[in-house]
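A.B. asks: Pasting a structure here, questions to come.
No value in this document is a laboratory result; all are computed from the given coordinates. This structure is a prediction, so every number in the text was calculated from the model and none was measured. Backbone-built Cβ (ideal geometry, glycine too); neighbour counts: all protein chains shown.
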């Protein structure tokens, strides 16, 4: 027995030595796999409701996403967060169900139900086991068409909105993004949503919510997406029965895009004693309907929008100015912007901005290497496929396509277009769309420390926190 134990121990000792035979370099990645989507079906009800059914996946579940073309952009003067209040109340009860009944029914289907509002769209979304998909359709139809807007729930939802507004005003990063949005969009509704007006929220009433719903919601603005495993014929019949009699509401309208700002602006929001400077640097740019949008997404990931990006390596890894920088391309209807944001050590505010501008200038004049670009392309293609490989992800992206007037081929050809971007495309897109002369630079920080650091970047506009 002792001999057997010794033999076993000797084998265990030998394993690490054998493990050293693995190659020191990883294998080459395989060919990119294009994203494919089952054909499915689409149809439009007589009242204008548009429907898309997509059979997808192996799990016996289905996702429903009902999208109404109304959001914060439709709020009028004095109606800050009214779209959010309306969306928050949709699942708080209908004329035939209480909030508890809605939640219980969804849970008994093996799923859940929720609602939310964005800049341009309001969503009612849910999931259920496949066999309950028709029941979920009926529940979504009731929530969307027959909201009760109970007064007690309104008071609670409004208090939540007020707390969210107060939290937003206490966060320097949010203050920087709000000042950036005001600089880009001026009086356009896209500028107001980051920092909701607490006084306007406080003044809102249930009657305001009801009036907003009556004026903005209706079948002609509604699109329904069902993705997953379900009986298509039964679900189509249920949708026709559940939504076919809905009437009223407004026609679909397209919001007026904001006027793009041009020229360099440097804005300092004074926060005395701040230990960090929250910086946002960016400018208006193209929207997803532009043929260069995918190339801009690739450029953003290489420049600042991924952990291995140039700006991140420069100001985080090499110089230690900040811990979590990042850039993004934000999409709006017929509008968009690129922005880099970071919380920077106060003494390094000016040097960090200098390095960000240097990276933009460098990429605008010198194309990246093929190897650097391929690494970014692999990252984007992989994350895109992962994000859209679930019923909920597909439903969300389909509503994105419909908002921006894009075809199904945009979804299925996205990976291919990512890999079609060349190094010179990245250089060209940087030069064409990320001009340093048009950048808005916003800093929320201690004026006494950073004002002199900001002088080289342009005439300073100072805002004082109230």
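A.B. asks: Which value does Rg/Rh take for the range 41-243 over its C-alpha atoms, Rh per Kirkwood?
C.D. replies: For the range 41-243, the value is 1.01.
A.B. asks: Sticking with this structure for a sec: At 222 nm, what helix-only mean residue ellipticity would the chain give, in deg cm²/dmol to the nearest 500, using -39500 (n - 2.57) for each DSSP H run of four or more?
C.D. replies: -13500 deg cm²/dmol, from helical runs alone.
A.B. asks: Using the per-residue mean of other Cβ atoms lying within 10 Å as a proxy for protection, in what order, highest first, do the peptides 308-314, 93-99 fall?
C.D. replies: Ranking, from highest mean packing down: 308-314, 93-99.
A.B. asks: Can you put 212, 307 in order of Cβ neighbours within 10 angstrom, beginning with the fewest?
C.D. replies: Ordered from fewest to most neighbouring Cβ atoms within 10 Å, 212, 307 come out as 307, 212.
A.B. asks: Which value in nm describes the separation of the simple spin-label points at residue 461 and residue 251, placed 7 Å from the Cα toward the beta carbon?
C.D. replies: 3.7 nm
A.B. asks: Please give the length that would be gained between residue 112 and residue 318 if that part of the chain were fully extended, namely 0.36 nm times their separation in residues minus their C-alpha to C-alpha distance (nm, one decimal).
C.D. replies: Values: separation 206, 0.36 × 206 = 74.16 nm, distance 4.56 nm.
Stretched fully, the residue 112-residue 318 segment lengthens by 69.6 nm.
A.B. asks: Would you mind listing how long the range 265-464 runs along its three principal axes, going by Cα atoms, in whole Å with the largest first?
C.D. replies: So the extents along the principal axes, rounded to whole Å, are 53, 34, 28.
A.B. asks: With the Cα gyration tensor of the range 397-457 in hand, convert its eigenvalues to equivalent ellipsoid semi-axes via √(5λ) and list them largest first in whole Å.
C.D. replies: They are 38, 18, 10 Å, listed from largest to smallest.
A.B. asks: Taking the number of other C-beta atoms within 10 Å as the exposure measure, put 61, 319 in order starting with the fewest.
C.D. replies: Ascending number of Cβ neighbours within 10 Å: 319, 61.
A.B. asks: Test of understanding: ordering 92, 461 by Cβ neighbours within 10 Å, fewest first, what list do you get?
C.D. replies: Result, fewest neighbours first: 461, 92.
A.B. asks: Can I ask one more? Using 0.36 nm times the number of residues separating residue 99 and residue 156, minus their current alpha carbon distance, what extension gain do you get?
C.D. replies: 19.2 nm
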